[in-house]
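Q: If you scroll down you'll find the structure; I have some questions about it.
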Amino acid sequence: MKNDFVSRYTLLLHARVQKTFSNCAMLHEMYQELTGDCISASQRVSKSVRTRLRFLLDSEDPDLAVDLRQFNSGPQTKYDSFFEGVQSYINENSLEAAQERRHNSISRMALAISVPDLIRQVEKTLPPETPIPSESYVRLQFWPKNKHFQSALHYTGKFHIKYMVQTRQIRLSLVDAHYAAATYRYLKEFCVKFRDFCTVLCIDDKVQVKLGESGFPIACTDRGRAAVVHVPSQEQHSAGDHDFSAFKLTPSATLCVDIPEKVDGSFYRGQLSVCVKDAIFQHSSPLRHAVEMYRLLVNDSAEKPILAIKSDGGPDHRLTYLSVKVSLIARFVTLDLTCLIAIRTASHQSYRNPVVRCMSTLNLGLQFISLMRDKLDEKSEQLLSKTNSMSDIRKCAEKILQSTKPCVDLLNEVFQWLEYTERPVKT
């Protein structure tokens, strides 16, 4: 009897049979065989399973059991085509950081400067009716920061990208910083109260953008960030990375704030405008900022009698300077204002200026480009080679403006490509 039982139920040890039938059905069949229990199953499904198991045992042929789960290739999503397009986009745009002083295994992908931009770039390479996932779902496909987080469960490993946010590294404190904060608080309360008659402008100059010599482009970003350029087949960087350059461009950013209805609302939303100037012949000055602001406000159809200006208190915005006071008076008279308010941030706290938050958006546009000036005629190049400073270059020739104009046009196109608070940047 023992040998009959072992020979009969040896078939149950077959892997295919174990996957097909549950352990409960097998154990119940063994129990009935040993005890002689003839009680039938109370449920129709259980009765059907026992009937098939008994038929398999009587036939002694394990090939009769087929596990249909072997035909299941795993969960299929309708976004597989999109994920394949993302991986192809990454492979085709092989990037390296133009930074000879730092070496690591991470390369910054700057062709796609944000998640919405990545979706738009990949969408252009796919057929028109390809399903496109949402921004939040694509963001969940980035390499998780912590594998124990709940969001890590949605990571599928379709592509190897890590999402990183750059933060400000240095912040200094000042004893009188609370006075500047209180002044800004009073300004916001005033602007909210007279929001229908008030215009708020936050102004600041971005760090200067470097230009390389003719035939040798230089990465636009500073040493603190990784400048990303395309690496050709000979595996040499197509752009230099230097600390100093004779030619520079200065982007001046102006944020026209959308005044909220309450003082606790956001003063970081509004229309961002950028003006790119040559740092040698068009250096930043109070009167130049006044002209830029005049052109910006004149083009606005809704002219308001109250103008509030917030700056970081730099040399071209410091309210104690006579040149700055004259430029403010010129704006008051030219724009026919009823009230003009100008405040500044505390020293070393320019990050409290709302327009500084826009600089990260501009940095995204500068991450993937390198600039160089056009070549001048032979005589001008000889004169230019003898100069060592900006003052020497100013004495050289005005033709340099013509050589830097293509770079200015390129930066304007890049900034127009960017968006801040869902609005395109104006130049």
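Q: What does the charge count around TYR186 come to, taking other residues whose C-beta lies under 13 Å from its C-beta (Lys +1, Arg +1, Asp -1, Glu -1)?
A: Here the charged neighbours net out to +3.
Q: I've got another one for you. Expected output is a single nm value to one decimal: the length gained when fully extending between ALA182 and GLN121, i.e. 0.36 nm times separation in residues minus the C-alpha distance. What is it?
A: Values: separation 61, 0.36 × 61 = 21.96 nm, distance 4.45 nm.
Result for the pair: 17.5 nm of gain on full extension.
Q: While we're looking at this one, here's another question. For PHE216 paired with GLN402, estimate the spin-label separation in nm (one decimal), with each label point 7 Å from Cα along the Cα-to-Cβ line.
A: 2.4
Q: Mind listing the phi-derived Karplus ³J(HN,Hα) values for segment 331-342, rounded to whole Hz, using 6.51, -1.76 and 1.60 with θ = phi - 60°, and x for any glycine or proline?
A: Couplings: 5, 4, 6, 5, 7, 6, 8, 8, 8, 10, 10, 10 Hz.
Q: What full-extension length gain, to one decimal in nm, is calculated for GLU303 and THR338 as 0.36 nm per residue of separation minus the Cα-Cα distance?
A: Working: separation 35, 0.36 × 35 = 12.60 nm, distance 1.16 nm.
Result: 11.4 nm gained on full extension.
Q: Let me ask something else. Scan segment 246-324 for GluC sites (Glu not before Pro) in coil per DSSP, keeping those whose Cβ has at most 11 other Cβ atoms within 10 Å, and list them by number.
A: GLU261
Q: Now for a different question. For a label point 7 angstrom out from the Cα of VAL291 toward its Cβ, which stretches of segment 313-335 have the backbone nitrogen within less than 12 Å?
A: Zone members listed by number: none at all.
Q: All other residues with a Cβ under 11 Å from the Cβ of CYS275 taken together, and with Lys, Arg as +1 and Asp, Glu as -1, what is their net charge?
A: Numbers: positive: LYS206, LYS277, ARG288, ARG295, LYS426; negative: ASP205, GLU292.
Net charge in that neighbourhood comes out at +3.
Q: Provide the gained length on full extension for the span SER134 to ARG52, in nm with one decimal, where the gain is 0.36 nm per separating residue minus the Cα-Cα distance.
A: Values: separation 82, 0.36 × 82 = 29.52 nm, distance 4.70 nm.
The SER134-ARG52 span can extend by a further 24.8 nm.
Q: Could you give the nm distance between label points at SER245 and ASP80, where each point is 7 Å from its Cα heading toward the beta carbon?
A: Computed distance between label sites SER245 and ASP80 equals 4.6 nm.
Q: Considering only DSSP states other than H, G, I, E and B, which trypsin sites (Lys or Arg not before Pro) in segment 306-377 qualify as loop sites with at most 16 other Cβ atoms within 10 Å? All intermediate terms of the calculation are to be shown ahead of the outcome.
A: Numbers: sites: LYS310, ARG318, LYS325, ARG331, ARG344, ARG352, ARG357, ARG373, LYS375; in loops: ARG318, ARG373, LYS375.
Hits after loop and neighbour filter: ARG318, LYS375.
Bear in mind that the values in this text are calculations on the coordinates, not laboratory data. Owing to the predicted nature of the structure, the values given are computational and were not obtained by experimental measurement. All Cβ positions, even for glycine, are placed from backbone atoms using ideal geometry, and neighbour counts span all protein chains on display.
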